[in-house]
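Accompanying notes for the structure given below.
The values are calculated or read from the model by the stated rules, or taken from the named source; none is laboratory data. These figures come from a predicted structure and were not determined experimentally. Positions of Cβ are generated from backbone atoms using ideal geometry, with glycine treated the same way; all protein chains shown enter the neighbour counts.
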Amino acid sequence: MSRHHQVNVPIEIVRTIVTIAETGSLSKAAERLGLSQPAVSSQIKRIQNLLGGEVFIRTANGTTATPLGNLVLKQARKILEANDQMLLIGGTENGPQPVRLGISTLFVTEFFLHQQVQTPIDIVVLADNSAGIAKGLLDGYIDIGCIYENSESESIQEMVVNEYDEPFVWVRSKDFVLRPGAPIPILTWPGDDLMISTLTRLGLMYKIVFSSPDYHAKLAALEAGIGVAALPSRLIPPSLMQAREYYLPELPPVKALLCARPGIDAARSGKLLELLSSLFFQKLPGDARKLIASSILTR
């Protein structure tokens, strides 16, 4: 009786599939992954041969997942998340485990622009949407999180050590025009309930035209003029503008949260918390800026 031959999908192909879906292009995916376009095409051919069907097709709007591709993408994201979490769990052989920092993609550019050349401690950075980072804090593979309040953050309230209200505004491309009577087209990402809850509360019609955990993919979709989205007012890029149309209601502020997992080493994480507070949480008056709860770190 012959043993069953097990076929494994290489993790690099899984990552390529997700990247193509997020960028909408084989060439853009190749650029982000540091690969040649023929290498990316070869990986897609390999997975399609394994599955017996097409994962992506070319359309007028770029590279789009087929019905089979959508099923593959759902599993690919789970595999990729598990792979990246496993790497974050592990320590180092010759020293203490690095502090694992989860940071919202809305904070990440400013973090790297302003952080010291020599970071205060050894850190591993995971950039993700806020809901994903909140889940990582709960699951224990992230030590410190710099995020926005989201659908998952209610479960980590005891980990919050600093916060402030961030103004959010509607953003659009400079040539976006809404057809009279049409629902408001919005661009979202996982855990993003700000626009939907505001529009629903006011009884306004909307439709989701784009959703992705990739911040830069969202900006590209905004620049293409397919809809509107909510961004912090301080982060509007030159290619976009604040949307002040009469049909767009004022958005409430969103709480930015600095979180620390209970039990992490205060001596090693304190400097990182101070750095993050100085970068993002200086909007609060007086001593509220220094709300770094040592009890959270040591209990």
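Looking only at segment 179-217, filter to residues that are of a type in the set (A, V, I, L, M, F, W, C) and farther than 25 Å from Thr23 by Cα; which one of those is farthest from the chain's Cα centre (by Cα)?
Among those that are of a type in the set (A, V, I, L, M, F, W, C) and farther than 25 Å from Thr23 by Cα, it is Ala182.
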Worksheet item: If we keep just the residues of segment 169-197 that are touching a residue at least 40 places away in the same chain (Cβ under 8 Å) and of a type in the set (D, E, K, R), which is nearest to Asp214 (Cα to Cα)?
Response: Asp192
Discussion item. Of the residues Glu166, Glu149, Glu154, only one is in contact (Cβ under 8 Å) with a residue 40 or more places away in the chain, farther than 28 Å from Ala224 by Cβ and of a type in the set (D, E, K, R); which?
Written reply: Glu149
Practice prompt. Please go through segment 220-242 and pick out each residue that is under 19 Å from Glu149 (Cβ atoms) and either buried (at least 18 other Cβ atoms within 10 Å of the Cβ) or among the aliphatic types (A, V, I, L, M) (or both).
Written response: Ala229, Ala230, Leu231, Leu235
Item to complete: Scan segment 207-219 for residues that are surrounded by 18 or more Cβ atoms within 10 Å (Cβ to Cβ) and either free of Cβ contacts under 8 Å to residues at least 40 places away in the same chain or in the same structural domain as Gly62 (by TED's automatic domain parsing) (or both) and jot them down.
Response: Phe210, Lys218, Leu219
Worksheet item: What residue, among those in segment 177-196 that are buried (at least 18 other Cβ atoms within 10 Å of the Cβ) and touching a strand residue (DSSP E or B) at 6+ places or on another chain (Cβ under 7 Å), is nearest to Asn150 (Cα to Cα)?
Response: Leu194
